[in-house]
Amino acid sequence: AKDRGKNQYCYYSEDMNARMLEELTLEHELRKAMENNEFELYYQPQYDFVTECIIGNEALIRWHNPFRGTVAPDVFIPIAEETGLILQIGEWVIREACHQNKQWQNQGLAPRPVAVNVSPLQFLQNDFVPKIEKILRETGLEPKYLDLEITESIAMTDINEAVKKVKRLRDLGIQVSIDDFGTGYSSLSNFRDLPINKLKIDRSFISRIHEDSKDAEIVDTIIVMAQKLGLEIIAEGVETKEHMQYLKERNCKIAQGYLFSKPVKALDIEQMLKNNHLL
Ligand code: C2E
Ligand code: CA
Ligand code: CA
Ligand code: CA
(Lines give C-alpha, C1' and ligand atoms only; values in the text may rest on other atoms or scores of the structure.)
(Ligands and ions follow the chains in the order given, each with its own letter.)
Protein backbone atom coordinates (compact mmCIF):
# COMPACT_ATOMS: atom_id res chain seq x y z
CA ALA A 1 0.00 0.00 0.00
CA LYS A 2 2.92 2.28 0.85
CA ASP A 3 4.43 1.65 -2.58
CA ARG A 4 1.25 2.47 -4.26
CA GLY A 5 1.01 5.75 -2.38
CA LYS A 6 4.44 6.67 -3.60
CA ASN A 7 3.47 5.86 -7.15
CA GLN A 8 0.40 7.96 -6.96
CA TYR A 9 2.50 10.84 -5.73
CA CYS A 10 4.76 10.35 -8.73
CA TYR A 11 1.88 10.38 -11.14
CA TYR A 12 0.55 13.45 -9.46
CA SER A 13 3.76 15.40 -9.79
CA GLU A 14 4.33 14.23 -13.36
CA ASP A 15 0.87 15.47 -14.03
CA MET A 16 1.74 18.84 -12.52
CA ASN A 17 4.92 19.12 -14.55
CA ALA A 18 3.02 18.27 -17.67
CA ARG A 19 0.48 20.95 -16.86
CA MET A 20 3.14 23.57 -16.20
CA LEU A 21 4.89 22.66 -19.42
CA GLU A 22 1.63 22.89 -21.31
CA GLU A 23 0.98 26.35 -19.84
CA LEU A 24 4.47 27.56 -20.74
CA THR A 25 4.04 26.26 -24.26
CA LEU A 26 0.64 27.89 -24.56
CA GLU A 27 2.06 31.18 -23.31
CA HIS A 28 4.84 31.06 -25.88
CA GLU A 29 2.38 30.23 -28.64
CA LEU A 30 0.00 32.98 -27.53
CA ARG A 31 2.76 35.54 -27.89
CA LYS A 32 3.36 34.35 -31.43
CA ALA A 33 -0.37 34.21 -32.16
CA MET A 34 -0.62 37.97 -31.75
CA GLU A 35 2.18 38.54 -34.30
CA ASN A 36 0.85 35.91 -36.70
CA ASN A 37 -2.74 37.17 -36.75
CA GLU A 38 -4.14 33.89 -35.49
CA PHE A 39 -7.07 35.47 -33.64
CA GLU A 40 -10.53 35.92 -35.09
CA LEU A 41 -13.71 37.37 -33.67
CA TYR A 42 -16.91 35.38 -33.88
CA TYR A 43 -20.23 37.09 -33.25
CA GLN A 44 -23.37 35.92 -31.51
CA PRO A 45 -26.65 37.78 -32.03
CA GLN A 46 -28.55 39.29 -29.12
CA TYR A 47 -32.17 38.73 -29.98
CA ASP A 48 -35.39 40.43 -28.95
CA PHE A 49 -37.68 37.44 -29.36
CA VAL A 50 -40.85 39.51 -28.80
CA THR A 51 -40.28 42.01 -31.60
CA GLU A 52 -38.14 39.44 -33.45
CA CYS A 53 -35.22 41.77 -34.08
CA ILE A 54 -31.49 41.40 -33.62
CA ILE A 55 -30.65 44.25 -31.27
CA GLY A 56 -26.90 43.73 -31.07
CA ASN A 57 -24.18 41.12 -30.99
CA GLU A 58 -21.36 39.92 -28.81
CA ALA A 59 -17.82 39.52 -30.09
CA LEU A 60 -16.19 36.28 -28.91
CA ILE A 61 -12.55 35.55 -29.61
CA ARG A 62 -11.25 32.39 -31.31
CA TRP A 63 -7.66 31.32 -31.72
CA HIS A 64 -6.76 29.40 -34.85
CA ASN A 65 -3.45 27.70 -34.19
CA PRO A 66 -1.83 25.80 -37.06
CA PHE A 67 -1.07 22.82 -34.82
CA ARG A 68 -3.83 22.88 -32.25
CA GLY A 69 -6.68 23.83 -34.51
CA THR A 70 -9.23 26.28 -33.11
CA VAL A 71 -8.72 26.86 -29.39
CA ALA A 72 -11.65 27.97 -27.22
CA PRO A 73 -11.27 31.12 -25.10
CA ASP A 74 -11.93 29.18 -21.88
CA VAL A 75 -8.57 27.47 -22.53
CA PHE A 76 -6.37 30.44 -23.37
CA ILE A 77 -7.99 33.52 -21.78
CA PRO A 78 -7.03 32.41 -18.24
CA ILE A 79 -3.40 32.01 -19.34
CA ALA A 80 -3.51 35.32 -21.18
CA GLU A 81 -4.75 36.88 -17.94
CA GLU A 82 -2.04 35.28 -15.78
CA THR A 83 0.71 36.41 -18.12
CA GLY A 84 -0.65 39.87 -18.82
CA LEU A 85 -0.92 39.05 -22.52
CA ILE A 86 -4.62 39.80 -22.19
CA LEU A 87 -3.77 43.51 -22.35
CA GLN A 88 -2.52 43.23 -25.93
CA ILE A 89 -5.11 40.68 -26.95
CA GLY A 90 -7.93 42.65 -25.34
CA GLU A 91 -6.93 45.84 -27.10
CA TRP A 92 -6.91 44.01 -30.41
CA VAL A 93 -10.39 42.63 -29.65
CA ILE A 94 -11.86 46.08 -28.95
CA ARG A 95 -10.28 47.59 -32.04
CA GLU A 96 -11.37 44.72 -34.29
CA ALA A 97 -14.95 44.72 -32.94
CA CYS A 98 -15.30 48.50 -33.32
CA HIS A 99 -13.81 48.41 -36.80
CA GLN A 100 -16.12 45.57 -37.88
CA ASN A 101 -19.18 47.27 -36.45
CA LYS A 102 -18.34 50.49 -38.29
CA GLN A 103 -17.86 48.49 -41.51
CA TRP A 104 -21.34 47.02 -41.16
CA GLN A 105 -22.77 50.49 -40.74
CA ASN A 106 -20.84 51.69 -43.79
CA GLN A 107 -22.40 48.82 -45.73
CA GLY A 108 -25.82 50.20 -44.85
CA LEU A 109 -26.83 47.72 -42.17
CA ALA A 110 -28.95 49.08 -39.33
CA PRO A 111 -26.60 50.28 -36.59
CA ARG A 112 -26.49 48.07 -33.49
CA PRO A 113 -24.11 47.94 -30.55
CA VAL A 114 -21.32 45.38 -30.42
CA ALA A 115 -20.62 43.89 -27.01
CA VAL A 116 -16.99 43.23 -26.09
CA ASN A 117 -15.68 41.24 -23.12
CA VAL A 118 -13.23 43.16 -20.96
CA SER A 119 -11.00 41.28 -18.56
CA PRO A 120 -10.63 42.73 -15.04
CA LEU A 121 -6.90 43.34 -15.56
CA GLN A 122 -7.68 45.35 -18.68
CA PHE A 123 -10.37 47.38 -16.96
CA LEU A 124 -8.08 48.18 -14.02
CA GLN A 125 -5.34 49.75 -16.20
CA ASN A 126 -4.96 53.48 -15.66
CA ASP A 127 -5.11 54.21 -19.36
CA PHE A 128 -8.14 52.02 -20.06
CA VAL A 129 -10.57 54.86 -20.79
CA PRO A 130 -8.21 56.93 -22.99
CA LYS A 131 -7.34 53.76 -24.92
CA ILE A 132 -11.01 53.14 -25.65
CA GLU A 133 -11.47 56.76 -26.70
CA LYS A 134 -8.54 56.45 -29.06
CA ILE A 135 -9.94 53.28 -30.63
CA LEU A 136 -13.35 54.89 -31.13
CA ARG A 137 -11.72 57.92 -32.72
CA GLU A 138 -9.57 55.81 -35.02
CA THR A 139 -12.33 53.48 -36.13
CA GLY A 140 -14.97 56.21 -36.35
CA LEU A 141 -17.50 54.20 -34.33
CA GLU A 142 -19.95 56.24 -32.26
CA PRO A 143 -19.56 55.43 -28.55
CA LYS A 144 -23.18 54.32 -28.14
CA TYR A 145 -22.49 51.39 -30.46
CA LEU A 146 -19.88 49.95 -28.11
CA ASP A 147 -21.05 47.90 -25.14
CA LEU A 148 -18.35 46.81 -22.67
CA GLU A 149 -19.02 43.63 -20.70
CA ILE A 150 -17.33 43.63 -17.33
CA THR A 151 -17.68 41.09 -14.54
CA GLU A 152 -18.79 41.43 -10.96
CA SER A 153 -15.21 40.93 -9.78
CA ILE A 154 -14.23 44.48 -10.76
CA ALA A 155 -16.64 45.79 -8.16
CA MET A 156 -14.84 43.78 -5.50
CA THR A 157 -11.36 45.28 -5.87
CA ASP A 158 -11.86 49.01 -5.36
CA ILE A 159 -15.50 49.90 -5.70
CA ASN A 160 -14.89 53.66 -5.73
CA GLU A 161 -12.40 53.37 -8.56
CA ALA A 162 -14.76 51.09 -10.45
CA VAL A 163 -17.64 53.53 -10.04
CA LYS A 164 -15.51 56.42 -11.28
CA LYS A 165 -14.33 54.50 -14.32
CA VAL A 166 -17.75 53.24 -15.31
CA LYS A 167 -19.05 56.81 -14.94
CA ARG A 168 -16.36 58.09 -17.28
CA LEU A 169 -17.27 55.46 -19.85
CA ARG A 170 -20.97 56.27 -19.55
CA ASP A 171 -20.26 60.00 -19.84
CA LEU A 172 -18.58 59.26 -23.16
CA GLY A 173 -21.77 57.50 -24.25
CA ILE A 174 -20.37 53.96 -24.07
CA GLN A 175 -22.65 51.22 -22.74
CA VAL A 176 -21.55 49.07 -19.83
CA SER A 177 -22.95 45.65 -18.94
CA ILE A 178 -22.34 43.25 -16.09
CA ASP A 179 -21.56 39.82 -17.51
CA ASP A 180 -22.25 36.42 -15.90
CA PHE A 181 -24.42 38.09 -13.30
CA GLY A 182 -25.11 35.92 -10.28
CA THR A 183 -21.92 33.87 -10.41
CA GLY A 184 -19.74 36.24 -8.38
CA TYR A 185 -19.82 36.84 -4.69
CA SER A 186 -20.29 40.56 -4.75
CA SER A 187 -23.24 41.88 -2.86
CA LEU A 188 -26.07 43.63 -4.62
CA SER A 189 -25.37 46.86 -2.79
CA ASN A 190 -22.07 47.04 -4.68
CA PHE A 191 -24.03 47.62 -7.84
CA ARG A 192 -26.25 50.35 -6.53
CA ASP A 193 -23.69 53.03 -7.32
CA LEU A 194 -22.32 51.45 -10.48
CA PRO A 195 -24.00 53.30 -13.38
CA ILE A 196 -24.34 50.30 -15.69
CA ASN A 197 -26.88 49.80 -18.50
CA LYS A 198 -27.63 46.11 -18.28
CA LEU A 199 -27.22 42.79 -16.57
CA LYS A 200 -26.54 39.53 -18.32
CA ILE A 201 -27.89 36.52 -16.45
CA ASP A 202 -25.33 33.73 -16.49
CA ARG A 203 -26.24 30.74 -18.59
CA SER A 204 -25.71 28.29 -15.73
CA PHE A 205 -28.96 29.60 -14.18
CA ILE A 206 -30.92 29.54 -17.42
CA SER A 207 -29.89 25.96 -18.20
CA ARG A 208 -31.41 24.75 -14.92
CA ILE A 209 -34.60 26.81 -14.65
CA HIS A 210 -36.71 23.75 -15.36
CA GLU A 211 -34.68 21.38 -13.19
CA ASP A 212 -33.79 23.32 -10.10
CA SER A 213 -36.32 25.56 -8.38
CA LYS A 214 -33.50 27.49 -6.69
CA ASP A 215 -32.04 28.46 -10.04
CA ALA A 216 -35.47 29.47 -11.25
CA GLU A 217 -35.85 31.64 -8.17
CA ILE A 218 -32.48 33.27 -8.75
CA VAL A 219 -33.48 34.07 -12.33
CA ASP A 220 -36.82 35.50 -11.17
CA THR A 221 -35.12 37.62 -8.53
CA ILE A 222 -32.52 39.00 -10.94
CA ILE A 223 -35.22 39.91 -13.46
CA VAL A 224 -37.40 41.69 -10.89
CA MET A 225 -34.44 43.53 -9.42
CA ALA A 226 -33.17 44.64 -12.84
CA GLN A 227 -36.63 45.87 -13.77
CA LYS A 228 -36.89 47.85 -10.54
CA LEU A 229 -33.50 49.43 -11.12
CA GLY A 230 -34.42 50.25 -14.71
CA LEU A 231 -31.67 48.05 -16.11
CA GLU A 232 -31.88 46.17 -19.36
CA ILE A 233 -31.52 42.45 -19.01
CA ILE A 234 -30.12 39.78 -21.30
CA ALA A 235 -30.53 36.07 -20.65
CA GLU A 236 -27.52 34.01 -21.74
CA GLY A 237 -27.52 30.41 -22.86
CA VAL A 238 -31.11 30.22 -24.07
CA GLU A 239 -31.16 26.83 -25.76
CA THR A 240 -34.81 25.78 -25.88
CA LYS A 241 -38.27 27.13 -26.63
CA GLU A 242 -39.11 26.36 -22.98
CA HIS A 243 -36.33 28.67 -21.79
CA MET A 244 -37.66 31.38 -24.07
CA GLN A 245 -41.23 30.88 -22.89
CA TYR A 246 -40.16 31.05 -19.26
CA LEU A 247 -38.42 34.37 -19.85
CA LYS A 248 -41.29 35.77 -21.90
CA GLU A 249 -43.69 35.13 -19.02
CA ARG A 250 -41.44 37.22 -16.81
CA ASN A 251 -41.14 40.08 -19.25
CA CYS A 252 -37.53 39.39 -20.09
CA LYS A 253 -37.38 39.55 -23.86
CA ILE A 254 -33.74 39.74 -24.87
CA ALA A 255 -31.61 36.66 -25.10
CA GLN A 256 -28.49 35.09 -26.49
CA GLY A 257 -28.19 31.39 -27.05
CA TYR A 258 -27.98 28.41 -29.34
CA LEU A 259 -31.77 28.51 -29.85
CA PHE A 260 -31.20 31.63 -31.95
CA SER A 261 -27.62 31.16 -33.12
CA LYS A 262 -24.21 29.97 -32.03
CA PRO A 263 -21.38 32.47 -32.34
CA VAL A 264 -20.48 32.63 -36.04
CA LYS A 265 -17.94 34.29 -38.32
CA ALA A 266 -18.41 37.94 -39.30
CA LEU A 267 -19.58 37.05 -42.81
CA ASP A 268 -22.24 34.70 -41.45
CA ILE A 269 -23.66 37.11 -38.93
CA GLU A 270 -23.76 39.77 -41.63
CA GLN A 271 -26.44 37.71 -43.38
CA MET A 272 -28.41 37.44 -40.13
CA LEU A 273 -28.12 41.16 -39.52
CA LYS A 274 -29.58 41.79 -42.97
CA ASN A 275 -32.54 39.47 -42.35
CA ASN A 276 -32.99 40.73 -38.78
CA HIS A 277 -35.26 37.81 -37.86
CA LEU A 278 -34.02 34.53 -36.43
CA LEU A 279 -35.88 31.26 -35.74
P1 C2E B 1 -19.12 34.72 -21.94
O2 C2E B 1 -18.72 36.14 -22.11
O3 C2E B 1 -20.07 34.41 -20.85
O4 C2E B 1 -19.68 34.29 -23.36
C5 C2E B 1 -20.74 33.39 -23.55
C6 C2E B 1 -20.22 32.00 -23.84
O7 C2E B 1 -21.35 31.12 -23.86
C8 C2E B 1 -19.58 31.87 -25.21
O9 C2E B 1 -18.57 30.88 -25.12
C10 C2E B 1 -20.72 31.35 -26.07
O11 C2E B 1 -20.30 30.64 -27.21
C12 C2E B 1 -21.42 30.45 -25.11
N13 C2E B 1 -22.83 30.28 -25.42
C14 C2E B 1 -23.67 31.16 -25.98
N15 C2E B 1 -24.92 30.66 -26.08
C16 C2E B 1 -24.88 29.41 -25.55
C17 C2E B 1 -25.86 28.38 -25.36
O18 C2E B 1 -27.03 28.51 -25.69
N19 C2E B 1 -25.43 27.24 -24.76
C20 C2E B 1 -24.14 27.05 -24.37
N21 C2E B 1 -23.81 25.90 -23.80
N22 C2E B 1 -23.19 28.01 -24.55
C23 C2E B 1 -23.56 29.17 -25.12
P24 C2E B 1 -17.11 31.13 -25.71
O25 C2E B 1 -17.20 31.89 -27.00
O26 C2E B 1 -16.41 29.82 -25.71
O27 C2E B 1 -16.46 32.09 -24.64
C28 C2E B 1 -16.23 31.66 -23.33
C29 C2E B 1 -15.78 32.79 -22.45
O30 C2E B 1 -14.50 33.27 -22.83
C31 C2E B 1 -16.70 34.00 -22.52
O32 C2E B 1 -17.83 33.79 -21.71
C33 C2E B 1 -15.78 35.08 -22.00
O34 C2E B 1 -15.74 35.07 -20.59
C35 C2E B 1 -14.43 34.64 -22.53
N36 C2E B 1 -14.14 35.43 -23.74
C37 C2E B 1 -14.52 35.21 -25.01
N38 C2E B 1 -14.03 36.17 -25.83
C39 C2E B 1 -13.34 37.02 -25.04
C40 C2E B 1 -12.59 38.23 -25.28
O41 C2E B 1 -12.49 38.75 -26.41
N42 C2E B 1 -11.99 38.82 -24.20
C43 C2E B 1 -12.09 38.30 -22.93
N44 C2E B 1 -11.48 38.93 -21.92
N45 C2E B 1 -12.79 37.18 -22.68
C46 C2E B 1 -13.41 36.55 -23.72
CA1 CA C 1 -19.68 38.05 -22.28
CA1 CA D 1 -21.55 35.73 -19.95
CA1 CA E 1 -19.59 32.96 -18.88
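Key figures
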{"read-out": "Qualifying residues in segment 82-108 (those that are charged (D, E, K, R) and either more than 16 Å from ligand 2 (Cβ to nearest atom) or touching a helix residue (DSSP H, G or I) at 6+ places or on another chain (Cβ under 6 Å) (or both)) - the one farthest from R137 (Cα to Cα)", "value": "E82"}
{"read-out": "Matching residues in segment 225-279 - criterion: being out of contact with any helix residue (DSSP H, G or I) (no Cβ under 7 Å at 6 or more places or on another chain), among the acidic types (D, E) and either exposed (fewer than 13 other Cβ atoms within 10 Å of the Cβ) or within 20 Å of S204 (Cβ to Cβ) (or both)", "value": "E239, E242, E249"}
{"read-out": "Test: residue in segment 258-275 that is over 30 Å from N106 (Cα atoms) and assigned to a loop (DSSP other than H, G, I, E, B)", "value": "no"}
{"read-out": "Segment 202-238 - residue that is touching a residue at least 40 places away in the same chain (Cβ under 8 Å) and aliphatic (A, V, I, L, M) and, of those, farthest from Y47 (Cα to Cα)", "value": "I222"}
{"read-out": "Options S207, S119: the member that is within 15 Å of ligand 4 (Cβ to nearest atom) and out of contact with any strand residue (DSSP E or B) (no Cβ under 9 Å at 6 or more places or on another chain)", "value": "S207"}
{"read-out": "Test result for P78, closer than 22 Å to K200 by Cα, in a loop (DSSP other than H, G, I, E, B) and either within 14 Å of ligand 1 (Cβ to nearest atom) or in contact with a helix residue (DSSP H, G or I) (Cβ under 7 Å, 6 or more places away or on another chain) (or both)", "value": "no"}
{"read-out": "Test result for I135, in a helix (DSSP H, G or I) and either at pLDDT 95 or above or among the β-branched types (V, I, T) (or both)", "value": "yes"}
{"read-out": "Residue within segment 246-256 that is within 11 Å of ligand 1 (Cβ to nearest atom) and of a type in the set (V, I, T) present", "value": "no"}
{"read-out": "Residue satisfying all of: in segment 159-211; β-branched (V, I, T) and more than 11 Å from ligand 3 (Cβ to nearest atom); farthest from I222 (Cα to Cα) among these", "value": "I174"}
{"read-out": "Spans of helices (runs of 4 or more DSSP H) in segment 159-213 with at least 2 residues more than 15 Å from ligand 1 (Cβ to nearest atom), within 19 Å of E232 (Cβ to Cβ) and modelled with pLDDT of 90 or more", "value": "159-172"}
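Results for (1) within 11 Å of ligand 1 (Cβ to nearest atom); (2) outside any strand (DSSP E or B); (3) free of Cβ contacts under 8 Å to residues at least 12 places away in the same chain; (4) of a type in the set (D, E, K, R), shown as yes or no for each residue.
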residue	(1), (2), (3), (4)
N57	no, no, no, no
T70	yes, no, yes, no
G90	yes, yes, no, no
I94	yes, yes, no, no
C98	no, yes, no, no
R112	no, yes, no, yes
D147	no, no, no, yes
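The values are calculated or read from the model by the stated rules, or taken from the named source; none is laboratory data. Remember, predicted model here, so these are calculated numbers, not experimental data. Note: ideal-geometry Cβ built from the backbone for every residue, glycine included; neighbour counts use all protein chains shown.
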